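First comes the structure, then the notes that go with it.
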Amino acid sequence: MKKALLAFVLLFTAVSLIACGTSATTTTEPFDGNMTINVYTRDTTSGTRAGFMAGIGFAAAETDDSVLVDGFIIKDNTGIMTAMTIDEYGIGYISLSTVNNTIKALYYDGVAPTEANVMNDTYGLKRPFMWMLRAEGDYPSQDVEDIVNAFVAFLGTSDAGDIINNNGAIALPSTVTWDSIKSQYPISLEDNSDVTVRFGGSDSIQKVAQALTAAFVPKCGNFVAEHDHTGSGDAYKRTNDPAIKDTSVGKDVGFASRFFKTTESVLEAQRGQLAWDAIVAIVHLSNPLSDVTAADLKAIYDGTFTKWSDLDAE
Amino acid sequence: MHPKVTYQKGPKGSFPLEGGDRMSDQSIAARMKNTASSRRVDHLAKAVFLAAALISASFIFLIAGIVLFRGFIPFLSDNGGLGRVDLFHFLTADVWLIGQTFVSNLYGVGYLILSTLFITTLSLLISFPVGVLTALFIAKVAPKPLAKVLRTVIETLASIPSIVFGLFGAGVILKLVYDFSMAIGYQSKGGNSILATVLVLALMTIPTITSISEVAIRSVDTTLEHGSLALGASKTQTNFKVILAAAKSGIFTAAILGVGRSLGEATAVSLVAGGRRSGVSFDLLDTTGTLTTMMLEGLKETTGLDYDIRFSVGLVLMVVILITNLSLNAIKRRVGAVHVKA
């Protein structure tokens, strides 16, 4: 009796293991355009969400869930990736650096989402990561100014490029290393542990900026990097606006996740770009869709289009 | 076995000595000295134990205190110009946030409290019967070698970290739920659903319930079992009507611990729930959210009130867990215990 029971349990285990194997193979049914579009999004604290919504012309949804289509699903970057391997009728968006072949990355306005197309400025769903400095001689001390200049030089090196790429953005190409240029910045050899440099501006860049300063501080005499990121608009205001730059919120380096406006004009040497942040709309591999426009994406995310066939009707 | 020891009355004022021979005064003095030093060790050990107990106990107060303090901040301060959060709205609203993040203070967790309790109840409905029957099988029905193997399997399952259950949920259960709903002609949200959440939680709580129930079942007095069998009851009748009934107090404890694990689970749940932002849904294939997933989502990127409010959600969760545990314990006392060996 007991032996029979043991045999039964073993058999049951074996059968259930085999069943696991077979259930993994799914039958592929033809794509049904009448199915509802399942809309996946990042949560309101995400910089990728802010970049995506601003890029498709739906800025109201950057930090507000209530303007999105009913029944949206909130996931993180990886969560949206895995969801697109399961959900044939889903759509989501991820950072370009995480795209792989398990999902289908959509062309945006007819341009393929590749790093090359980001660099040559043809791929549209992206935003630049910009930096801005105070005017020459307008720093709390000469040490701060020297460190800031060294930091900007560091931004153009491949060392900084690796850090930027590891944090989901796309660095501008560079072949210079910090070791080869550091001799031009004697400040990096001094002990700067009593010097504080204030960084601010875009909160979307905060993660990248903090990673960059974390790597640069030990290379430059252990100065103190103070991060206070409040938004792209403050990149100019807190470094160059005469009414604000010398108050307690003044900054030495400001970051913006957009190009500077004509009203934010400073000298050429005081501003530059450190990276691109490219975002890609993704769908399931079985989805026949291959190209979207900003208007399509906005219509999907605001609920104007609820079925996949609505896109064909356009 | 203990060595056989005979005691003999020693000199006045001393204590009984080992062995049959009378001991010399020196050896008695040496022994007294030993005793004195071992008493010192005893005192020292006592102090160390007390310190350990105080440290572990004080952390509970520290954690509870900090969560209490930080959890109340959004309701008391003006949150950097956003204004005080309305406590009544917070506890009853069915939308997580009305308006823009970092701009609005209209947070609400009412719908999350209900979803959390709903999900926990459903997962218990699966894990409790499966867990208890598995425990009964291991303790009373299975042949010894099989029971040993199963016990190890269950113990291993209980020690698997929740993130692993979460990855299993996101990789396997979501797909199963998605395929299942497609098969019945219903388009789910990529499998992100109450059903997937409940299945993951059930998987996580079954080992807890099984191992504790099994101990309770094994400690039921065998005379009860023999008595039942002698009266002519069958094995199955004895198992269900006598053994389970006698172990019900321990089994109830297992259920309470299972509920605790369900209520507090964040990582695994957040990977399969879908992050619902408004309204309670009782549709098994619709997305959902719990208090814990709400605390976790965006936690690493947010600041200001949107960060502080997560402590308030944690406070609500602690209160929900406390109330649930108190009421379950009250029920347990009413259910009572029958002849369970200590």
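The values are calculated or read from the model by the stated rules, or taken from the named source; none is laboratory data. Computed from a predicted structure; not experimentally measured. All Cβ positions, glycine included, derive from the backbone under ideal geometry; neighbour counts span all protein chains shown.
For region B:154-167, the set of residues classified as of a type outside the set (S, T, N, Q), more than 10 Å from every other protein chain (Cβ to nearest Cβ), surrounded by fewer than 17 Cβ atoms within 10 Å (Cβ to Cβ) and assigned to a helix (DSSP H, G or I) consists of B:E155, B:L157, B:I163, B:V164, listed by residue number. Taken over region B:285-312, the criterion of being of a type in the set (A, V, I, L, M, F, W, C) and either more than 14 Å from chain A (Cβ to nearest Cβ) or without any contact (Cβ under 8 Å) to a residue 40 or more places away in the chain (or both) is satisfied by B:L291, B:M295, B:L296, B:L299, B:F311.
With the structure loaded, tell me whether A:I86 is of a type in the set (A, V, I, L, M, F, W, C) and within 14 Å of chain B (Cβ to nearest Cβ) or whether it fails that test. It is true that A:I86 is of a type in the set (A, V, I, L, M, F, W, C) and within 14 Å of chain B (Cβ to nearest Cβ).
Scanning region A:38-61 for residues that are facing chain B (nearest Cβ under 8 Å) and farther than 22 Å from B:Y186 by Cβ gives A:D43, A:T44, A:T45, A:S46, A:G47. For region A:253-307, filtering for residues that are of a type in the set (D, E, K, R), farther than 26 Å from A:N100 by Cα and touching a helix residue (DSSP H, G or I) at 6+ places or on another chain (Cβ under 9 Å) leaves 5.
Evaluation of A:E115 against the conditions (1) more than 14 Å from chain B (Cβ to nearest Cβ); (2) among the acidic types (D, E); (3) closer than 30 Å to B:L97 by Cβ shows that the sole unmet condition is (3). Within region A:206-221, track down each residue that is surrounded by 15 or more Cβ atoms within 10 Å (Cβ to Cβ) and more than 21 Å from A:R258 (Cα to Cα). Across region A:206-221, the qualifying residues are A:A215, A:F216, A:V217, A:K219, A:C220, A:G221. The lone criterion from (1) within 20 Å of the chain's Cα centre (by Cα); (2) outside any strand (DSSP E or B); (3) of a type outside the set (V, I, T) left unmet by A:F305 is number (1). If you go through region A:248-277 and keep only what is closer than 27 Å to A:Y93 by Cβ and part of a loop (DSSP other than H, G, I, E, B), you end up with A:S257, A:R258, A:F259, A:F260, A:K261.
Residues that are touching a residue at least 60 places away in the same chain (Cβ under 8 Å), touching a Gly at 6+ places or on another chain (Cβ under 8 Å), surrounded by 20 or more Cβ atoms within 10 Å (Cβ to Cβ) and assigned to a loop (DSSP other than H, G, I, E, B) occur in region A:191-202; there is at least one. Total residues in region A:253-271 satisfying the condition of being surrounded by 15 or more Cβ atoms within 10 Å (Cβ to Cβ) and either β-branched (V, I, T) or under 22 Å from A:A171 (Cα atoms) (or both): the figure is 10. Does any residue of region A:278-287 turn out to be assigned to a loop (DSSP other than H, G, I, E, B), exposed (fewer than 15 other Cβ atoms within 10 Å of the Cβ), among the aliphatic types (A, V, I, L, M) and modelled with pLDDT of 90 or more? Yes, some residue in region A:278-287 is assigned to a loop (DSSP other than H, G, I, E, B), exposed (fewer than 15 other Cβ atoms within 10 Å of the Cβ), among the aliphatic types (A, V, I, L, M) and modelled with pLDDT of 90 or more.
Residues of region A:112-124 that are in contact with a strand residue (DSSP E or B) (Cβ under 9 Å, 6 or more places away or on another chain) and not in a loop (DSSP other than H, G, I, E, B): A:E115, A:N117, A:V118, A:M119. Scanning region A:244-261 for residues that are without any contact (Cβ under 8 Å) to a residue 60 or more places away in the chain and more than 22 Å from A:S141 (Cβ to Cβ) gives a single hit, A:K261. Residues in region B:182-190 include at least one that is free of Cβ contacts under 8 Å to residues at least 40 places away in the same chain, among the polar types (S, T, N, Q) and within 13 Å of chain A (Cβ to nearest Cβ).
Of all residues in region B:285-299, those being more than 19 Å from B:S181 (Cα to Cα) and assigned to a loop (DSSP other than H, G, I, E, B) number 5.
Taken as a whole, the structure leaves B:T101 outside the set of residues that are of a type in the set (S, T, N, Q) and at pLDDT 90 or above. Answer yes if at least one residue in region A:25-45 is surrounded by fewer than 22 Cβ atoms within 10 Å (Cβ to Cβ), modelled with pLDDT under 85 and over 23 Å from A:L285 (Cβ atoms), and no otherwise. Checking region A:25-45: at least one residue is surrounded by fewer than 22 Cβ atoms within 10 Å (Cβ to Cβ), modelled with pLDDT under 85 and over 23 Å from A:L285 (Cβ atoms).
Checked against (1) of a type in the set (K, R); (2) away from every other protein chain (no Cβ under 14 Å); (3) within 24 Å of the chain's Cα centre (by Cα), A:K219 meets all criteria but (3). Every condition in (1) surrounded by 23 or more Cβ atoms within 10 Å (Cβ to Cβ); (2) within 14 Å of A:V152 (Cα to Cα) holds for A:V176 except the one numbered (1).
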